[in-house]
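Notes follow once the structure below has been shown.
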Amino acid sequence: MKFLIVAAFVTNIWLTILTFEYPVFFLTFLCFSLFYAYSIFGNSMNMVQNLGPLYWVVRDNGKKGTKVLSIGFMRQLSQPWLRGKGIQFRVSKYTLQIGLCRRQDFLDDTDGVLDAMGGFYMSNTPKEISKWH
């Protein structure tokens, strides 16, 4: 996956230079761009993808009431426990979120899930908690 992204970047730069010099390469440039876009974004619907500190998520649950451009955030509920902020674009029923993320270090899954969901350990017993209401 990561190799495809680097290969797409290098190939598109090379084809862009050739396209400006020789218009005959435009069709090749377009084909390579579509192939690499499908390779990168195909089969990744609703999954967090990242390359270093950059992440992207393509979702298929956008609604017409959702803003076209807004600020987004992301917390991954499984390893590698990514957390990030970015920009979210809505086009029709699809939403693309792109942003910067960083990896959170946790020793076990329980700590990671608690942090991702905003939970914490409590010193109170269940009997004390039941008396709160």
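Counting the residues of segment 100-133 that are under 30 Å from LYS67 (Cβ atoms) and in contact with a Leu (Cβ under 8 Å, 6 or more places away or on another chain) gives 8. Give ASN50, ASN61 a once-over and let me know the one that is at pLDDT below 85 and under 14 Å from the mean Cα position of the chain (by Cα). After ruling out the rest, the residue left standing is ASN50.
Among the residues of segment 13-28, is there at least one that is at pLDDT 70 or above and surrounded by 12 or more Cβ atoms within 10 Å (Cβ to Cβ)? Yes, there is a match, as at least one residue in segment 13-28 is at pLDDT 70 or above and surrounded by 12 or more Cβ atoms within 10 Å (Cβ to Cβ).
Can you find, within segment 98-107, the residue that is surrounded by the fewest Cβ atoms within 10 Å (Cβ to Cβ) among those that are of a type outside the set (S, T, N, Q) and modelled with pLDDT of 75 or more? That would be ASP105.
The values are calculated or read from the model by the stated rules, or taken from the named source; none is laboratory data. Note that the structure is predicted; figures quoted are calculated from it, not measured. Glycine gets a Cβ as well: all are built from the backbone with ideal geometry, and neighbour counts include every protein chain shown.
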